[in-house]
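Here is the structure we will look at.
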Amino acid sequence: MLRVPTLILFATLSFLTACSPSDDKAYELVINHGRVIDPLSGLDAIRHIGVREGRIVNISQMPLTGAQSIDARGLIVAPGFIDYHWHCPAQACYEIGLKDGLTSAMDLEFGALGSEMKNWYARREGAARINFGTSASVELARALVLDGNKADDALNAYISRGRGQKWAVHEATPEEQSRVLADMEAGLKAGAIGIGITLGYMPAVSAPEVYDMQKLAAAYGRQACVHLRHTPGHADEEINGAQEILANAAALKAPACINHFNNAGWRKVQDLLVNLRGQGLNVWGDIYPYVAGSTSINAVFFKPEIFEKRLGWTYEKQLFDPALNKFLTKAEYLRLAKSDPVRQVIVYKSRPDEIVEWLKLPGVAIGSDGMPLFGAWDKHHETMPNTHPRRAGTRARSLRLAREHGLDMAQLIAGLSSNAAVYLGNMGLKAMQERGRLQETMVADITIFDPLKISDQATYKNGLAESTGIVHVLVNGKFALRDGAIVPAAKNGQALRFETK
């Protein structure tokens, strides 16, 4: 039998061995002394994080040591920001996103051509700085079938939108509808996250067609992300558009998301979403913290019969050209819509006082709707054309407004990260079941920022100005942004998609 002093000595040695510095060295990276906020577990406290092989392996109340160390005193350590409403799947835009805390970017509204899905993912494997994903695009499938124009994603939308309009205004025959669905299904079979329906741009798409599109997505257990019919529009039109999509989702018991519902009627759309989630449906929506939207100048809702007569809007007050840095007259709009149909313009449509109300909405996701950089993968920032500031500033702007208006930081971070991860994870996307969380065993996608300095710099006149206050960003456990600067060698982004057989 061991004597008591011997037992004490044995226990002490065991404890010291378990906590020895040599064991701590197994951490590839530690983040010490940060205010760790994990909305899903309710953690909001000073903690110390150990990272190994791309995952969080320890969240400790005591400081840790490792091969690399971050002193996060005074900083917030948050789950990496996730944006599923991102139309610029190019490296140059990924870098802008990193400066704004972004770790995962998906285009679930516009998407990519279904029949090109395998190639779309393959081109980004081992090359992207952040995680990437997309949906199967209705618009691009229609452009291929109806106009004969092949574009594989938003980076090439100048082809699909600029060289034909049947995709938007032509009523498809049953045979054409079948071919459109076949292209989308090819994308789903190749792992697309769902289907993207830019319905507001396609007045010729009928309600039965939309139902069939959602039915196809439902057959694969995936969502339809939708720019609603008649958006932008009056409040009743916005609500009716949401009811169309949500009624289909309810009938099919299928997931669905409403893109950028920060338009007229948003309160009732939010009420619809919250109540349906309360009944067990996996439905949600996203907002962006700006009063203006942006799209190509040839969008059907800019035509005078809609813009002036139905909406009662004025070109000189509401349609802004970021390249010319001015509002357009009606004559200028008509000329540019004909000569440069995919020119990006900005449309003012909401009140500034509503923005903080949107950020307070429970369960909402914050998506930038960041605009594409046509035809480019890796382009120097100084050569990029001016664009809507939301691509560069959505996350920092949301956090700055949270500071200035005393919003709940955990709820705001949930909107930037965890909410999207939960909705997409609940429909079976494994990559989202292990992101959007600061918890042991989860993927180490982590955004670290200074809550007192975080601020957007991008404006409507200078939409590319980089955000400030984002200090470090880890993507799959590796530095992608360190001390505010892009890590040149970092290309650790992983594909976000469903498994393929």
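A few points about this structure:
- Working note: 222 nm ellipticity from helices only, DSSP H runs with n ≥ 4, each -39,500 (n - 2.57), summed and divided by the residues of the chain, gives -9000 deg cm²/dmol to the nearest 500.
- Whether the stretch 306-355 is rounded, prolate or oblate, judged on the alpha carbon gyration tensor where a/c under 1.5 counts as rounded: oblate
- When Met62, Met427, Met442 are arranged by Cβ crowding within 10 Å, least crowded first, meaning fewest neighbours, the order is Met62, Met427, Met442.
- Nearest-ten-degree value, helix 330-339 long axis tilted from longest Cα axis of the chain: 80
- Neighbourhood net charge (15 Å Cβ-Cβ; Lys/Arg +1, Asp/Glu -1) for Leu401: +1
- Above-threshold pairs, the threshold being 31 Å between Cα atoms, out of Lys379/Lys453; Lys99/Lys303; Lys303/Lys326: Lys99/Lys303
- Size of the chain as Cα extents on the principal axes (Å, biggest first): 92, 46, 41
- Anisotropy class of the stretch 346-501 from Cα gyration tensor, a/c 1.5 cut: rounded
- For the peptides 143-150, 180-187, 168-175, residues were scored by their other Cβ atoms within 10 Å and the scores averaged per peptide; the highest-first order is 180-187, 143-150, 168-175.
- Ranked by the mean number of other Cβ atoms within 10 Å per residue, highest first, peptides 79-88, 198-207 order as 79-88, 198-207.
- Cα-based reach from Lys189 at 17 Å (exclusive), listing lysines while leaving out same-chain residues under 8 positions away: Lys118, Lys215, Lys430, Lys501
- If only the Cβ of Lys and Arg carry +1 and only the Cβ of Asp and Glu carry -1, the dipole of the stretch 56-215 around its Cα centre is close to 340 debye.
- Here the contact order of the stretch 288-391, divided by its residue count and restricted to Cα pairs under 8 Å and six or more residues apart, works out to 38 percent.
- Qualifying aspartates and glutamates (Cα of each under 13 Å from Cα of Lys150; at least 8 residues distant if same chain): Glu116, Glu139, Asp183
- Charge dipole magnitude, Cβ of K and R +1, D and E -1 - the stretch 241-399, Cα centre, debye nearest 20: 120
- Relative contact order of the stretch 199-322, pairs being alpha-carbon contacts under 8 Å that are 6 or more residues apart, as %: 22
- DSSP beta bridges confined to the chain are antiparallel in about 55 percent of cases.
- Excluding same-chain neighbours fewer than eight residues apart, the lysines reachable from Lys309 by a Cα-Cα span under 19 Å are Lys317, Lys330, Lys349.
- Under the criterion of Cα pairs below 8 Å and six or more residues apart, the relative contact order for the chain equals 20 percent.
- Cβ-based net charge around Ala168, under 12 Å, with every Lys or Arg adding one and every Asp or Glu removing one: +1
- Cα-centre dipole for the chain with unit charges at Cβ (Lys and Arg positive, Asp and Glu negative), debye to 20: 340
- For the stretch 199-265, the fraction of alpha-carbon pairs in successive 5 Å shells from zero, as %: 4, 19, 31, 25, 15, 6, 1
- Working ranking of peptides 266-277, 351-362 by packing, defined as the average number of other Cβ atoms within 10 Å per residue, highest first, is 266-277, 351-362.
- Cα gyration tensor, the stretch 311-393 - rounded (a/c under 1.5), prolate or oblate: oblate
Values in this text are rule-based calculations from the coordinates and carry no lab data. Small disclaimer: the values here were computed from a predicted structure and weren't measured. For neighbour counting, all protein chains shown are included, and Cβ atoms are generated from backbone atoms with ideal geometry for every residue, glycine included.
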